[in-house]
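Taking it in order: structure first as structure tokens, then the write-up.
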């Protein structure tokens, strides 16, 4: 009779000799074995993440081999460049690599100047280095995307290029040229490997992201029109930042594709129009049985037509979608004209129709811009601006400038033989972490990665490498450690720690030809690395510590100044350009307060200010039309004066009454002139919106402020 076979990893309870604690341990061990087995079986080397790890490892190996062949003094730095620049996106590799080369060249020239002036005076050299690093840190804070990384590299390259040269001044030029050569080798190798082995899919991802945002905004609008969301709901921080993330994708795409670079302005017009439509969704409301026929019919038109427009967008039939949204807009405008004929006043139904038309117009502008991206490259109609946080740039620059002389003074005062190592590590970490939303948390992640790198480097450099000979075996030993760090960088939660691990591990191993194996030297260098990352954490907690709430309030103040400036004068640029700038500010606030409960209140205040500015622009635009009488323009400008609003805003109810009275007077005077009806009810709608905003935000003041530089 056949006996059933036992699964060696089956339930330990089936084993007759296991009881009590032994059974518990066996079950736990069995669960661990099954979990490890499942994880190994789940590994797919064909995934994009695995491809990125393998591609980066091959590029690092190639860079290390070429650096050995060229007999560079620090060949491992070429591999480190690959590990730092490596990215799963082809466009990011090209942009990061190019700006890293530019930054290294500028930083190398600055290093030569500083060494030439202060080679015999270490204290003066440290002060000059601190000033240069502070300027570059401030520039990195003001710039965006990979231009910022180029400024950061220019700052800390001085420390990397002159490491060891203070003790041996005659090697200054060789050190600078060697640094530039290793960076060039690393960037070139990664660029070649990436170009040959990766697919250029950023354009597809960009198009998919735009269509996805169109679908999301249309879904929000349909929910509000169907009464399925809160009547007072505002766009969330996730929606605002998610939409602006497409701007980052545009920057990646333009580095990858010259065709996208020529269409950059049109793509940003699409993002700006989508943001206007997103803001417009908060003005939409459901209808009820008492709703006037024209408004109810307009709601039905939108609810019926938008799913068809979305189907056309998802099928990439942009011309069809544009034709449908244009027809819908024309139909809505015809209903508005008919409603104005029947009711020349400023009834709520007319205001609701105007809001619906404004939403459809913004959405239609986005669809029109998307359709233009498919044809021949067109010259962009307008250029866009971005927020420059001069306050944060000043703080970050001062912090970096103070950290370097303090660290240098500490090293000299303590007699630390390798004190320049502290500057070597502190300089890049202070400037790179200053560009993140939470530098203190990033410093903690860097500490974790460095601590993990020390034992890994010890095992590799002193346990495995002495037993191998030849470049192939060297790569076989070191590559698994690289792959572990590269895999960590694919996980957003562990990416900073993975980056710190790669840098520390590769430098501590220090693959050169010939290799020297010294336990005391390794421990001294490891102690310096660990000390430097802990000092980095102290720098961000003690020297001008970053306060995300203060930064968010500063950005909100800039938004407020721009919004209130529209009450006094016409906007200096197109509405979409102004809204795109404020969109960037809201995205920065969302990034600063990602995990802060206070973020929702500050975001809500910022969105309210943005609505205030939009209402003022719409009022001025309506009053400035050729069909509007001069009387309407005069009354509108009087209602929008800062002095009148400042007097009214002392009490929210009084502010509401003041603007409501202005709207009623405009309506009463315009009844006698049919030409003034369309402009009158639009101005009244804007004044009503502003009154509601003032009542909802009684803490706003209306002092005169100049807009912050951008």
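The values are calculated or read from the model by the stated rules, or taken from the named source; none is laboratory data. Worth saying up front: this structure is predicted, and the values here are computed from it rather than measured. Glycine also receives a Cβ, built like all others from the backbone with ideal geometry; neighbour counts cover every protein chain displayed.
In the range 309-327, is there at least one residue being modelled with pLDDT of 85 or more, part of a helix (DSSP H, G or I), out of contact with any strand residue (DSSP E or B) (no Cβ under 7 Å at 6 or more places or on another chain) and over 30 Å from residue 205 (Cβ atoms)?
We begin by selecting, within the range 309-327, every residue modelled with pLDDT of 85 or more; these are 309-327.
Narrowing further to those that are part of a helix (DSSP H, G or I): 309-314, 318-327.
If we keep only those that are out of contact with any strand residue (DSSP E or B) (no Cβ under 7 Å at 6 or more places or on another chain) too, we end up with 309-314, 318-327.
Restricting the remaining residues to those that are over 30 Å from residue 205 (Cβ atoms) gives 327.
So far as the range 309-327 goes, yes, one or more of its residues are modelled with pLDDT of 85 or more, part of a helix (DSSP H, G or I), out of contact with any strand residue (DSSP E or B) (no Cβ under 7 Å at 6 or more places or on another chain) and over 30 Å from residue 205 (Cβ atoms).
Just checking, which of 486, 523 is buried (at least 21 other Cβ atoms within 10 Å of the Cβ) and either part of a helix (DSSP H, G or I) or over 40 Å from the mean Cα position of the chain (by Cα) (or both)?
486
Given the condition touching a helix residue (DSSP H, G or I) at 6+ places or on another chain (Cβ under 6 Å), over 30 Å from residue 68 (Cβ atoms), modelled with pLDDT under 90 and buried (at least 16 other Cβ atoms within 10 Å of the Cβ), answer yes or no: does some residue in the range 526-538 qualify?
Among the residues of the range 526-538, not one is touching a helix residue (DSSP H, G or I) at 6+ places or on another chain (Cβ under 6 Å), over 30 Å from residue 68 (Cβ atoms), modelled with pLDDT under 90 and buried (at least 16 other Cβ atoms within 10 Å of the Cβ), which makes the answer no.
Answer with yes or no whether residue 437 is outside any helix (DSSP H, G or I), closer than 30 Å to residue 587 by Cβ and either touching a strand residue (DSSP E or B) at 6+ places or on another chain (Cβ under 6 Å) or not assigned by TED's automatic domain parsing to the domain that holds residue 594 (or both). Walk me through how you get there before you give the answer.
Working: outside any helix (DSSP H, G or I): yes; closer than 30 Å to residue 587 by Cβ: yes; either touching a strand residue (DSSP E or B) at 6+ places or on another chain (Cβ under 6 Å) or not assigned by TED's automatic domain parsing to the domain that holds residue 594 (or both): yes.
Answer is yes for this residue.
Could you check how many residues of the range 574-604 are surrounded by 19 or more Cβ atoms within 10 Å (Cβ to Cβ), without any contact (Cβ under 8 Å) to a residue 40 or more places away in the chain and more than 13 Å from residue 244 (Cβ to Cβ)?
The number of residues fulfilling the criteria is 1.
Can residue 377 be described as in a loop (DSSP other than H, G, I, E, B), in the same structural domain as residue 286 (by TED's automatic domain parsing) and either surrounded by 16 or more Cβ atoms within 10 Å (Cβ to Cβ) or at pLDDT 85 or above (or both)?
Numbers: in a loop (DSSP other than H, G, I, E, B): yes; in the same structural domain as residue 286 (by TED's automatic domain parsing): no; either surrounded by 16 or more Cβ atoms within 10 Å (Cβ to Cβ) or at pLDDT 85 or above (or both): yes.
Judged against the criteria, residue 377 is not a match.
Go over the candidates 286, 331, 277, 273 one by one and state the one that is in contact with a helix residue (DSSP H, G or I) (Cβ under 9 Å, 6 or more places away or on another chain) and more than 24 Å from residue 229 (Cβ to Cβ).
331
Across the range 153-170, which residue is modelled with the highest pLDDT among those that are buried (at least 24 other Cβ atoms within 10 Å of the Cβ) and more than 11 Å from residue 428 (Cβ to Cβ)?
Taking the candidates together, the pick is 154.
Each row is one residue, and each column tells you yes or no for (1) farther than 30 Å from residue 471 by Cα; (2) under 29 Å from the mean Cα position of the chain (by Cα); (3) part of a helix (DSSP H, G or I).
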residue	(1), (2), (3)
501	no, yes, yes
504	no, yes, yes
508	no, no, yes
595	yes, yes, no
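Could you list, in sequence order, the residues of the range 439-463 that are over 22 Å from residue 535 (Cβ atoms), touching a helix residue (DSSP H, G or I) at 6+ places or on another chain (Cβ under 6 Å) and either touching a residue at least 60 places away in the same chain (Cβ under 8 Å) or surrounded by fewer than 17 Cβ atoms within 10 Å (Cβ to Cβ) (or both)?
461
May I ask you to say which residue of 195, 218 is in contact (Cβ under 8 Å) with a residue 60 or more places away in the chain and either under 24 Å from the mean Cα position of the chain (by Cα) or crowded, with 18+ Cβ neighbours inside 10 Å (or both)? Even if it seems obvious, please write down each step before you answer.
Working: 195 fails: either under 24 Å from the mean Cα position of the chain (by Cα) or crowded, with 18+ Cβ neighbours inside 10 Å (or both).
On inspection, the qualifying residue turns out to be 218.
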